[in-house]
Structures are given as C-alpha cells and as structure tokens.
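The structure appears right after this line, and notes come after that.
The values are calculated or read from the model by the stated rules, or taken from the named source; none is laboratory data. All values reported here derive from a predicted model rather than from experimental measurement. Every residue, glycine among them, receives a Cβ derived from its backbone with ideal geometry; neighbour counts consider all protein chains shown. Heavy atoms of the whole protein, side chains included, go into the accessibility calculation; ligands, DNA and RNA do not. Shrake-Rupley method; radii C 1.70, N 1.55, O 1.52, S 1.80 Å.
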Amino acid sequence: TKIEGRKSLWIVKPNASSQGKGIYLIDDLSELRCTEEQIVSKYIPNPLLINGHKFDLRIYVLVTSWDPLRVYVFKEGLARFATENYTAQKNKKNKFIHLTNYSINKKNTKYVSNEGVDRDDYGYKWGLTALCKHLEQIGIDMDLLWSKIYDVIIKALIAGEHPVISGMKRNCSYRTNCFELFGFDVLLDSDLKPWLLEINLSPSLACESPLDTDIKTKLIADTFNLVGIK
C-alpha cells in the first residue's frame, strides 16, 4: 500500500518486544518488513517540545479491581526525552530525534544522565513532578491537562475491560485477589492533547539512577500498601 499525495512518518515496532528492540521508522507503508506481527503507529507531527526536544511521560497506573473498576495513578513518574533536537524534517534514520524510549536514547553519546534526586529536571530523564512544575511555569493549566490524561487512561482501561473480566471469572476465586501495575506512555502534542503511545504490562523497575531509585521504590511501596501486602 502506498500513501499517495503526501509524506507521512510511521513508527513500527514488534508486537511482543520491549526496551526499544526492533523499532524502526518508515515514510511509506511499502517499506514494512512483513516477517512478524508488528504494530504500526501514525507519527504525531506536532509534539510539544521542551528545550527543543521531544519527550513522553511514563505514568504508573495500578488496577486493584476490575469489577468494579478501581484505578490508582501514582503521583510521581518519569519524563523521557529524545537526545537530539527535534526537527520536522522526515529524517527517519535518526531514532534519537523521533523516539523517546529511554533504552534507545541512553545509547546516544549525547545522553546526559540524571545524577541526583535533588535535580529532577536535569539531563534526559526528569521526574514527572519537575516536568509539571516546568509546564506550569510556562502558563499551562495542569489541572486541565491532567483531567485529559486521566480521561485517556480510563478509556484505555475500559476498552480492554471485557476480556480481562471474562478471564478473571474463569481463573480467579475472588475479584480482589489479583492486581496489575501498568506503565502508560503518553505523548503531549503542541495543542496539549495527550496521545496514548502504549500500555506496558511489565513496566521497567530497573534503577539506573538515583532518580529511578527514589521514584520506583516509593511506587512499589505504595503498590504493596494498596493491595494489602504489609
């Protein structure tokens, strides 16, 4: 299939993979490598930028019950930045411009790591609180923005609710004897519209910086408390 009359970027990733493995960009659907199941996402052409860089949000979402649906959003999270200045030019070979995956960008020689919890707005991985503070300082209504993000999270969970509840009825003796911690990856565009990139069933809990350690240990403690593990 060809896209006639216009050029568009698409992001292609394997159906069952992680850590940025196998992701590539195309500007014509005829370039698809049809050797395995893949997910093809239309590229968002107008991402919101900070210091000239594209970024996404890793938001941790805990579901402790599906019937009724009970959802908790962790108050902290991560903002992950692309390590090359963004350009609208269709440079599909430079992943460091267009992809925000930490596992990809940490391999760039330009990558700057966050080395301290007290500087959570330094380098190419920020704390979510630091990002929100920055956005608020440039005049963005964070209450409105978060309401849009919550809307995306809830609708995404509802979209997959039926098969999950059916599986639980077959395999679970009681509705509260299981839980799931998800990693939602959300991109903001220049119109402040949140786009759901993907939902990670097993979000990385690796701690490669003091910022990771601070955020993720609190995340796990909160998760255990909410599901009743002391």
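Here is how the numbers come out for the structure above:
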item: From the options Lys125, Lys133, Lys95, residue that is out of contact with any His (no Cβ under 7 Å at 6 or more places or on another chain) and surrounded by fewer than 21 Cβ atoms within 10 Å (Cβ to Cβ); result: Lys133
item: Tally, over region 34-45, of residues that are open to solvent by 50 Å² or more (accessible area, probe 1.4 Å) and either over 14 Å from Tyr24 (Cα atoms) or in a loop (DSSP other than H, G, I, E, B) (or both); result: 5
item: Filter result for Phe55 (touching a helix residue (DSSP H, G or I) at 6+ places or on another chain (Cβ under 6 Å), surrounded by 15 or more Cβ atoms within 10 Å (Cβ to Cβ) and at pLDDT 95 or above); result: no
item: Failed item, numbered, when Lys107 is tested on (1) surrounded by fewer than 18 Cβ atoms within 10 Å (Cβ to Cβ); (2) modelled with pLDDT under 95; (3) over 30 Å from Ser8 (Cα atoms); result: (3)
item: Test: Leu62 is at pLDDT 95 or above and under 15 Å from Leu188 (Cβ atoms); result: no
item: Condition check for Asp191: modelled with pLDDT of 90 or more, part of a loop (DSSP other than H, G, I, E, B) and open to solvent by 60 Å² or more (accessible area, probe 1.4 Å); result: yes
item: In region 136-187, residue farthest from the chain's Cα centre (by Cα) [restricted to those that are open to solvent by 90 Å² or more (accessible area, probe 1.4 Å) and of a type in the set (S, T, N, Q)]; result: Ser173
item: Hits in region 103-122 (condition: under 24 Å from Lys75 (Cβ atoms) and in contact (Cβ under 8 Å) with a residue 40 or more places away in the chain); result: Ser113, Asn114, Glu115, Gly116, Val117, Asp120
item: Residues of region 25-36 satisfying the condition of being modelled with pLDDT under 85 and in contact with a strand residue (DSSP E or B) (Cβ under 9 Å, 6 or more places away or on another chain); result: Asp27, Asp28, Leu29, Glu31, Leu32, Arg33, Glu36
item: Odd one out for Glu198, checked against (1) at pLDDT 95 or above; (2) in a strand (DSSP E or B); (3) charged (D, E, K, R); result: (1)
